[in-house]
Amino acid sequence: MGLVTQPLREEHKELISHIEALRAVADSIGEVPRGTLRRSVDDAYTFLANHLIPHAQAEERVLYPAVGALLGAPEATATMSQDHIAIGRLIDELKALRTRLSADPVSDADLKDLRRVLYGLYTLISVHFSKEEDVYLPLLDAKLSPEEARRLFTAMGQTAQAAHAQHGGKASSREH
Ligand SMILES: [Fe+2]
Ligand SMILES: [Fe+2]
């Protein structure tokens, strides 16, 4: 029998492959030509702005309120929202570093910051995903009917799409 949260688990699996790539890019600093690094950082930032932020916004607006209601305490998810804020700050730092990578030569301090930000994002997002999957999703699987889960994920999809149109539009227009 399938779990009612399977669609969200699938979405996480797809996102996680890109999160693994953040660590690989951090590992590659100093090992690959500057142009290759610049392209990898561009790809990483585009993924975070266009996919991860809309995903987090859909959770803030739809998933976390549902979890809070099931737990009978809306503030129960505040610690997870704090993770989203910390992730957002690191994404902002990555965005600033990304433009500084076009300098020639790139400063050692910027490369050090880039490594810290990429490893930081990798660790923070990996742990955050585990918390959602190991704590929140089993709760939803136990309490939601398939119909309630379907409605929840449809609402999440709509919210993520609207956020994507906002953030994604901005991220790609800045690229060209
Ligand atoms: Fe999240
Ligand atoms: Fe998530």
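Only one entry in VAL117, VAL67 is among the β-branched types (Val, Ile, Thr), within 16 Å of ligand 1 (Cβ to nearest atom) and either part of a helix (DSSP H, G or I) or closer than 20 Å to ARG23 by Cβ (or both), namely VAL67. Among the residues of region 82-111, those that are within 28 Å of PHE129 (Cα to Cα) and among the hydrophobic types (A, V, I, L, M, F, W, C) comprise ILE85, ALA86, ILE87, LEU90, ILE91, LEU94, ALA96, LEU97, LEU111. Sub-6 Å Cβ pairs linking a first residue in region 144-164 that is open to solvent by 80 Å² or more (accessible area, probe 1.4 Å) to a second residue that is at pLDDT 95 or above and assigned to a helix (DSSP H, G or I), at least 6 apart or interchain, number zero.
Of the residues making up region 130-156, those that are within 16 Å of ligand 1 (Cβ to nearest atom) and either of a type in the set (A, V, I, L, M, F, W, C) or at pLDDT below 95 (or both) are VAL135, LEU137, LEU139, LEU140, LEU152, PHE153, ALA155, MET156.
Considering only region 4-18, state which residues are surrounded by 13 or more Cβ atoms within 10 Å (Cβ to Cβ) and either assigned to a helix (DSSP H, G or I) or more than 16 Å from ligand 1 (Cβ to nearest atom) (or both). Of everything in region 4-18, those that are surrounded by 13 or more Cβ atoms within 10 Å (Cβ to Cβ) and either assigned to a helix (DSSP H, G or I) or more than 16 Å from ligand 1 (Cβ to nearest atom) (or both) turn out to be VAL4, GLN6, PRO7, LEU8, ARG9, GLU11, HIS12, LEU15, ILE16, HIS18. Selection of region 40-64 for residues being open to solvent by 30 Å² or more (accessible area, probe 1.4 Å) and in contact (Cβ under 8 Å) with a residue 24 or more places away in the chain yields ASP42, THR46, HIS51, ILE53, GLN57, GLU60, ARG61. Might you check whether a residue that is closer than 17 Å to MET80 by Cβ, more than 16 Å from the chain's Cα centre (by Cα) and of a type in the set (Val, Ile, Thr) occurs anywhere in region 100-119? Checked region 100-119: no residue is closer than 17 Å to MET80 by Cβ, more than 16 Å from the chain's Cα centre (by Cα) and of a type in the set (Val, Ile, Thr).
Could you go through region 19-32 and let me know if any residue there is surrounded by fewer than 19 Cβ atoms within 10 Å (Cβ to Cβ), assigned to a helix (DSSP H, G or I) and within 16 Å of ligand 2 (Cβ to nearest atom). Yes, region 19-32 contains a residue that is surrounded by fewer than 19 Cβ atoms within 10 Å (Cβ to Cβ), assigned to a helix (DSSP H, G or I) and within 16 Å of ligand 2 (Cβ to nearest atom). A search for C-beta distances below 8 Å between a residue of region 7-31 that is under 17 Å from LYS131 (Cα atoms) and any residue that is open to solvent by 70 Å² or more (accessible area, probe 1.4 Å) and away from ligand 2 (no atom under 15 Å from the Cβ), counting only pairs 6+ apart in sequence or on different chains, returns ARG9/LEU3. Taking the residues in region 71-85 that are open to solvent by 60 Å² or more (accessible area, probe 1.4 Å) and aliphatic (A, V, I, L, M) as candidates, determine which candidate is farthest from ligand 2 (Cβ to nearest atom). Selected residue: LEU71. Listed by first and then second residue, the pairs linking a residue in region 122-135 that is closer than 20 Å to PHE47 by Cα to a residue that is among the basic types (Lys, Arg), with Cβ atoms under 6 Å apart and 6 or more places separating them unless they lie on different chains, are TYR122/ARG23. If you check VAL127, VAL67, VAL106 for being modelled with pLDDT of 95 or more, open to solvent by less than 30 Å² (accessible area, probe 1.4 Å) and not basic (Lys, Arg), only one passes: VAL67. Among the candidates LEU63, LEU8, LEU22, LEU71, the residue that is among the hydrophobic types (A, V, I, L, M, F, W, C) and under 15 Å from LEU114 (Cα atoms) is uniquely LEU22.
The values are calculated or read from the model by the stated rules, or taken from the named source; none is laboratory data. Every value quoted in this text rests on a predicted model; they were computed, and no experiment measured them. Neighbour counts are summed over all protein chains in view; Cβ atoms, including those assigned to glycine, are modelled from backbone coordinates with ideal geometry. To get the accessible areas, we keep the full protein, side chains included, count just its heavy atoms, and leave off ligands, DNA and RNA. Shrake-Rupley method; radii C 1.70, N 1.55, O 1.52, S 1.80 Å.
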